[in-house]
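Here the structure is laid out as structure tokens; the discussion comes afterwards.
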Amino acid sequence: MIAEFRKLYGSAEGLRVFRAPGRVNLIGEHTDYNLGFVLPVALDLATYIATAPSGVPSGPGKLRMYSEFRQEMCEWNAADIGALTPQRHWTDYPLGVAQELLRAGFPIAPANLLIRSTVPEGSGLSSSAALEVSTALALLAGRPLDPLSLARLCQRAEHNFAGIPCGIMDQYISVFGRQHSAVEIDCRSLGHRFVELPAGVTFVAVNTMVKHALAGSAYKERVAECAAAVAGIQRTFPQVESLRDVSPEQFESVASSLPPVVARRARHVVTEDARVGRFVEASARGDLALMGTLLVESHRSLQHDYEVSCAELDFLVDTALAIDGVFGSRMTGGGFGGCTVTMLRPDAAARFGEEMARAYQRQFQTTPQTYACRPSAGAGEVKDGEEF
Ligand code: GLA
């Protein structure tokens, strides 16, 4: 990156490199904005940003960003950042972050950025959070901001600039990820605990290579449906503030009083929250079979009750479940494309990859990419020789 940076900007003086990982969520889908539980893992796929101050030879100082993936250079007067509006362009993510930093009292100094990412875009592995968090660190350039404020600032950027009312999971795990561990996040208290996964299993993500256009609007619709469910449930249980507060038994006692679609959405969230706890317990006991069963239950719930799956994801899950050595499989992330995550025996991984590719190719004439999910460290500055 140093050589590339020098080529682009003439000098690499004062260069620093920051990294923020993508994630795969093992279980707890669409529970974060309902203030429930999630269990993601930070990946070794990450966004890297090399940055150096740009100096002000004459005229206004510029903020410049070069995306290697897009092969596109963009620049703004650093002094104008606060007044920019979203353009439905990839730069909405970094600019949204820059604006939130300004609001939080961090002036944006003229700087040059080079952005490189190994998180496949549109794959549901959270390339946008990786870009947001790495941008925040690059623009902060060493100015201190505590990790939780960093994650929340990036979530606000996504709400206010990218226009997606997302939960906290993706930004949180990008900041708090840890090598060799999954992270159970309580999306209400915003605390977490590290969950060591049992020996004898590995997780592989398989990419459908599609992202259906529906994804953004359906996400907003689900957020609204969950709010409607809370309002309905409050008629019987006034103390309920979010679906996090509703036990599966409480839910069943009021389900018939809710509009059918709203009831199905809420049933997913309430049962999914319970599955996260059961998965963590099963993991601690090394009960691999139960972990696998819970993954499949999660998928069926997302498929039939929450209705955020699609033919490609269902096909990958069903194909995976027929392969020797697989414990369970489900869609991961927001849905409508992106990836599945499959739990399997490590010695079955090579054959699994081949069989999945063959079957998917035959069905959809597309080769799915697969990624080994190696739990990695959260975001930070990259120092020479460091491993994540
Ligand atoms: C997207 C959002 C997250 C979360 C997931 C679904 O990745 O960014 O906040 O809601 O969908 O679990």
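The values are calculated or read from the model by the stated rules, or taken from the named source; none is laboratory data. Note that this is a predicted model, so its numbers are computed, not measured. Positions of Cβ are backbone-derived with ideal geometry, glycine not excepted, and every protein chain shown enters the neighbour counts.
Would you mind stating whether V308 is closer than 30 Å to E225 by Cβ, part of a loop (DSSP other than H, G, I, E, B) and within 16 Å of the ligand (Cβ to nearest atom)? Yes: the conditions hold for V308. Cβ separations smaller than 8 Å between residues 6+ apart or across chains give the following pairs from the stretch 7-21 residues that are over 13 Å from R116 (Cα atoms) to residues that are in a loop (DSSP other than H, G, I, E, B): Y9/S54; R16/A141; R16/G142.
Rundown of residues vs (1) among the aliphatic types (A, V, I, L, M); (2) touching a helix residue (DSSP H, G or I) at 6+ places or on another chain (Cβ under 7 Å); (3) free of Cβ contacts under 8 Å to residues at least 24 places away in the same chain, yes/no style:
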residue: R244; (1), (2), (3): no, yes, no
residue: P248; (1), (2), (3): no, yes, no
residue: F251; (1), (2), (3): no, yes, yes
residue: S256; (1), (2), (3): no, no, yes
residue: P259; (1), (2), (3): no, no, no
residue: R267; (1), (2), (3): no, yes, no
residue: D273; (1), (2), (3): no, yes, no
residue: V276; (1), (2), (3): yes, no, no
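I'd like the residue in the stretch 223-242 that is out of contact with any helix residue (DSSP H, G or I) (no Cβ under 7 Å at 6 or more places or on another chain) and outside any loop (DSSP other than H, G, I, E, B) and, out of all such residues, is nearest to S189 (Cα to Cα). Across the stretch 223-242, the extreme among qualifying residues is A227. In a residue-by-residue description of the stretch 341-362, the property of being part of a loop (DSSP other than H, G, I, E, B), touching a residue at least 12 places away in the same chain (Cβ under 8 Å) and touching a strand residue (DSSP E or B) at 6+ places or on another chain (Cβ under 6 Å) applies to no position.
When the stretch 181-211 is filtered for residues that are under 28 Å from Q369 (Cα atoms), at pLDDT 95 or above and part of a loop (DSSP other than H, G, I, E, B), the ones remaining, listed by number, are L197, P198, V201. Scanning the stretch 112-136 for residues that are more than 12 Å from the chain's Cα centre (by Cα) and part of a helix (DSSP H, G or I) returns S134, T135, A136.
Among the residues that make up the stretch 267-288, is at least one of them of a type in the set (S, T, Y) and buried (at least 20 other Cβ atoms within 10 Å of the Cβ)? Scanning the stretch 267-288, I find at least one residue that is of a type in the set (S, T, Y) and buried (at least 20 other Cβ atoms within 10 Å of the Cβ), so the answer is yes. For the stretch 92-111, the criterion of a residue being out of contact with any helix residue (DSSP H, G or I) (no Cβ under 8 Å at 6 or more places or on another chain), touching a residue at least 60 places away in the same chain (Cβ under 8 Å) and closer than 27 Å to A205 by Cβ is satisfied by no position.
Number of residues in the stretch 80-94 that are surrounded by 13 or more Cβ atoms within 10 Å (Cβ to Cβ) and either modelled with pLDDT under 95 or in a loop (DSSP other than H, G, I, E, B) (or both): the value is 4.
Would you be able to say whether some residue in the stretch 95-108 is within 16 Å of the ligand (Cβ to nearest atom), modelled with pLDDT of 95 or more and assigned to a loop (DSSP other than H, G, I, E, B)? Scanning the stretch 95-108 turns up no residue that is within 16 Å of the ligand (Cβ to nearest atom), modelled with pLDDT of 95 or more and assigned to a loop (DSSP other than H, G, I, E, B). L139 versus (1) in a helix (DSSP H, G or I); (2) crowded, with 24+ Cβ neighbours inside 10 Å; (3) within 16 Å of the ligand (Cβ to nearest atom): which is the lone unmet condition? Evaluating L139 over (1) in a helix (DSSP H, G or I); (2) crowded, with 24+ Cβ neighbours inside 10 Å; (3) within 16 Å of the ligand (Cβ to nearest atom) leaves (3) as the failure.
Counting just the residues of the stretch 9-45 that are outside any strand (DSSP E or B) and charged (D, E, K, R), which one comes out farthest from the ligand (Cβ to nearest atom)? That would be E13. Taking residues in the stretch 138-159 that are within 19 Å of K383 (Cα to Cα), and partners anywhere that are within 16 Å of the ligand (Cβ to nearest atom), the pairs with Cβ atoms closer than 6 Å and at least 6 places apart or on different chains are P147/V175.
Among the residues here, R6 does not qualify as part of a strand (DSSP E or B) and either at pLDDT below 95 or at negative phi (or both). Residue count for the stretch 308-318, restricted to those that are surrounded by 19 or more Cβ atoms within 10 Å (Cβ to Cβ) and charged (D, E, K, R): 1. Residues being away from the ligand (no atom under 14 Å from the Cβ), at positive phi and among the hydrophobic types (A, V, I, L, M, F, W, C) are represented in the stretch 193-212 by at least one member. Of everything in the stretch 119-136 that is at pLDDT 95 or above and touching a Gly at 6+ places or on another chain (Cβ under 7 Å), the residue that is nearest to the ligand (Cβ to nearest atom) is S126. Taking the residues in the stretch 159-171 that are more than 7 Å from the ligand (Cβ to nearest atom) and not in a loop (DSSP other than H, G, I, E, B) as candidates, determine which candidate is surrounded by the most Cβ atoms within 10 Å (Cβ to Cβ). The qualifying residue surrounded by the most Cβ atoms within 10 Å (Cβ to Cβ) is Q171.
Within the set R222, R156, the sole residue that is within 16 Å of the ligand (Cβ to nearest atom) and over 29 Å from D44 (Cα atoms) turns out to be R222.
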